[in-house]
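**Student:** One structure, pasted below without further comment.
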Amino acid sequence: MFTVADMMTQNPYALGPYSTLADAKDLMEKHTIRHVPVIDENHHLLGLVTQRDVLSAQESSLEMITQSNFMSALDIQLIKCMNRSLMSVDCHAGLKEAALYMQKHKIGCLPVVEDKVLVGIITDSDFVSIAITLLEIQDEVEPTEVEA
(Lines give C-alpha, C1' and ligand atoms only; values in the text may rest on other atoms or scores of the structure.)
Protein backbone atom coordinates (compact mmCIF):
# COMPACT_ATOMS: atom_id res chain seq x y z
CA MET A 1 0.00 0.00 0.00
CA PHE A 2 1.28 3.45 -0.92
CA THR A 3 1.33 6.01 1.86
CA VAL A 4 1.19 9.77 1.95
CA ALA A 5 4.95 9.75 2.65
CA ASP A 6 5.54 8.19 -0.78
CA MET A 7 4.05 11.17 -2.64
CA MET A 8 4.07 14.19 -0.34
CA THR A 9 6.27 17.21 -0.85
CA GLN A 10 8.74 17.04 2.01
CA ASN A 11 9.70 20.20 3.89
CA PRO A 12 7.20 22.43 2.08
CA TYR A 13 7.61 26.17 1.80
CA ALA A 14 6.07 27.77 4.89
CA LEU A 15 5.87 31.14 6.61
CA GLY A 16 5.73 32.32 10.18
CA PRO A 17 2.62 33.79 11.81
CA TYR A 18 3.89 37.38 11.60
CA SER A 19 4.55 37.24 7.88
CA THR A 20 1.98 39.05 5.77
CA LEU A 21 -0.44 38.05 3.04
CA ALA A 22 1.90 39.91 0.68
CA ASP A 23 4.71 37.57 1.78
CA ALA A 24 2.43 34.59 1.11
CA LYS A 25 1.51 35.95 -2.32
CA ASP A 26 5.19 36.46 -3.20
CA LEU A 27 6.09 32.94 -2.04
CA MET A 28 3.23 31.43 -4.05
CA GLU A 29 4.20 33.30 -7.19
CA LYS A 30 7.92 32.54 -6.83
CA HIS A 31 7.43 28.79 -6.34
CA THR A 32 4.17 28.27 -8.27
CA ILE A 33 2.30 26.91 -5.25
CA ARG A 34 -1.24 27.51 -3.98
CA HIS A 35 -1.00 26.56 -0.29
CA VAL A 36 1.31 27.97 2.38
CA PRO A 37 1.41 26.37 5.81
CA VAL A 38 1.95 28.75 8.72
CA ILE A 39 4.36 27.42 11.34
CA ASP A 40 5.93 28.57 14.58
CA GLU A 41 9.65 28.59 15.39
CA ASN A 42 9.46 24.86 16.28
CA HIS A 43 7.84 24.02 12.92
CA HIS A 44 4.52 23.27 14.62
CA LEU A 45 1.63 23.75 12.22
CA LEU A 46 -0.48 26.76 13.22
CA GLY A 47 -2.59 27.38 10.15
CA LEU A 48 -2.79 27.57 6.39
CA VAL A 49 -3.12 30.34 3.82
CA THR A 50 -4.29 29.56 0.30
CA GLN A 51 -4.17 31.33 -3.02
CA ARG A 52 -7.90 31.90 -2.63
CA ASP A 53 -7.24 33.77 0.64
CA VAL A 54 -4.76 36.05 -1.14
CA LEU A 55 -7.18 36.70 -4.01
CA SER A 56 -9.96 37.51 -1.55
CA ALA A 57 -7.68 39.96 0.26
CA GLN A 58 -6.84 41.67 -3.02
CA GLU A 59 -10.55 42.05 -3.77
CA SER A 60 -11.16 43.55 -0.34
CA SER A 61 -8.26 45.96 -0.96
CA LEU A 62 -9.99 47.12 -4.13
CA GLU A 63 -13.13 47.77 -2.10
CA MET A 64 -11.09 49.79 0.41
CA ILE A 65 -9.68 51.97 -2.38
CA THR A 66 -13.17 53.25 -3.07
CA GLN A 67 -13.42 54.29 0.56
CA SER A 68 -11.36 57.20 1.84
CA ASN A 69 -8.97 55.36 4.19
CA PHE A 70 -6.91 52.87 2.21
CA MET A 71 -4.88 50.10 3.79
CA SER A 72 -3.83 47.09 1.77
CA ALA A 73 -5.32 43.87 3.05
CA LEU A 74 -2.10 42.22 1.87
CA ASP A 75 -0.36 43.94 4.80
CA ILE A 76 -2.33 41.83 7.29
CA GLN A 77 -0.27 39.35 9.29
CA LEU A 78 -1.04 35.70 8.68
CA ILE A 79 -1.80 35.09 12.36
CA LYS A 80 -4.86 37.32 11.92
CA CYS A 81 -6.25 35.70 8.78
CA MET A 82 -4.93 32.14 8.45
CA ASN A 83 -7.27 29.17 8.50
CA ARG A 84 -6.81 27.56 11.91
CA SER A 85 -9.35 24.78 11.62
CA LEU A 86 -7.11 22.53 9.61
CA MET A 87 -7.38 19.00 8.49
CA SER A 88 -4.01 17.28 8.47
CA VAL A 89 -2.72 13.78 7.90
CA ASP A 90 -0.02 11.48 9.25
CA CYS A 91 2.67 10.43 6.76
CA HIS A 92 1.76 6.77 7.29
CA ALA A 93 -1.83 7.29 6.09
CA GLY A 94 -2.81 5.56 2.87
CA LEU A 95 -2.87 7.57 -0.35
CA LYS A 96 -6.36 6.36 -1.24
CA GLU A 97 -7.74 7.37 2.16
CA ALA A 98 -6.11 10.81 1.89
CA ALA A 99 -7.53 11.34 -1.61
CA LEU A 100 -11.02 10.28 -0.53
CA TYR A 101 -10.82 12.55 2.51
CA MET A 102 -9.79 15.54 0.37
CA GLN A 103 -12.56 14.82 -2.11
CA LYS A 104 -15.22 14.38 0.57
CA HIS A 105 -14.27 17.61 2.36
CA LYS A 106 -13.52 19.54 -0.85
CA ILE A 107 -10.06 20.66 0.23
CA GLY A 108 -7.03 21.28 -1.97
CA CYS A 109 -4.31 20.04 0.35
CA LEU A 110 -3.49 18.16 3.49
CA PRO A 111 -0.53 19.27 5.60
CA VAL A 112 1.42 16.23 6.78
CA VAL A 113 2.20 16.38 10.48
CA GLU A 114 4.25 14.18 12.80
CA ASP A 115 4.10 15.04 16.53
CA LYS A 116 2.58 18.45 15.64
CA VAL A 117 5.59 19.23 13.38
CA LEU A 118 4.98 19.99 9.71
CA VAL A 119 6.94 17.44 7.65
CA GLY A 120 5.20 17.69 4.29
CA ILE A 121 2.15 18.55 2.26
CA ILE A 122 0.07 16.62 -0.26
CA THR A 123 -2.11 18.52 -2.71
CA ASP A 124 -4.77 17.87 -5.29
CA SER A 125 -2.08 18.48 -7.92
CA ASP A 126 -0.09 15.58 -6.48
CA PHE A 127 -3.10 13.32 -6.98
CA VAL A 128 -3.47 14.49 -10.59
CA SER A 129 0.19 13.52 -11.12
CA ILE A 130 -0.50 10.11 -9.59
CA ALA A 131 -3.50 9.64 -11.90
CA ILE A 132 -1.41 10.54 -14.96
CA THR A 133 1.29 8.06 -13.94
CA LEU A 134 -1.30 5.31 -13.48
CA LEU A 135 -2.83 6.07 -16.89
CA GLU A 136 0.62 5.92 -18.51
CA ILE A 137 1.29 2.56 -16.85
CA GLN A 138 -2.09 1.31 -18.06
CA ASP A 139 -1.24 2.38 -21.63
CA GLU A 140 2.03 0.43 -21.45
CA VAL A 141 0.38 -2.71 -20.09
CA GLU A 142 -2.72 -2.85 -22.30
CA PRO A 143 -2.13 -3.80 -25.92
CA THR A 144 -3.28 -1.19 -28.39
CA GLU A 145 -6.15 -2.09 -30.66
CA VAL A 146 -5.09 -2.91 -34.18
CA GLU A 147 -7.42 -1.82 -36.95
CA ALA A 148 -8.28 -4.58 -39.40
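**Student:** Going residue by residue through the range 64-72, is there one that turns out to be at pLDDT 90 or above, part of a helix (DSSP H, G or I) and farther than 15 Å from residue 118 by Cα?
**Tutor:** No, the conditions are met nowhere in the range 64-72.
**Student:** Separate question: Is it true that residue 13 is farther than 21 Å from residue 107 by Cα, modelled with pLDDT of 95 or more and not basic (Lys, Arg)? Before you say what the answer is, go through the steps one by one.
**Tutor:** Values: farther than 21 Å from residue 107 by Cα: no; modelled with pLDDT of 95 or more: yes; not basic (Lys, Arg): yes.
No; evaluated as a whole, the condition is false for this residue.
**Student:** Go through (1) at pLDDT below 90; (2) within 14 Å of the chain's Cα centre (by Cα) and name the single condition residue 121 misses.
**Tutor:** Of everything listed in (1) at pLDDT below 90; (2) within 14 Å of the chain's Cα centre (by Cα), residue 121 misses just condition (1).
**Student:** Something else: Considering only the range 16-38, state which residues are more than 16 Å from residue 109 (Cα to Cα) and in a strand (DSSP E or B).
**Tutor:** Residue satisfying the conditions is 20 alone.
**Student:** Here is a follow-up. Against the conditions (1) in contact (Cβ under 8 Å) with a residue 12 or more places away in the chain; (2) under 17 Å from residue 124 (Cβ atoms), where does residue 38 fall short? Just the number, please.
**Tutor:** Here residue 38 meets the rest and fails (2).
**Student:** Take the range 105-127 and flag every residue that is among the β-branched types (Val, Ile, Thr) and in contact with a strand residue (DSSP E or B) (Cβ under 7 Å, 6 or more places away or on another chain).
**Tutor:** Passing the criteria: 112, 113, 117, 119, 121, 122, 123.
The values are calculated or read from the model by the stated rules, or taken from the named source; none is laboratory data. Just so you know, these numbers come straight off a predicted model, no measurement behind them. Reconstructed Cβ throughout: ideal geometry from the backbone, glycine too, with neighbour counts over all protein chains shown.
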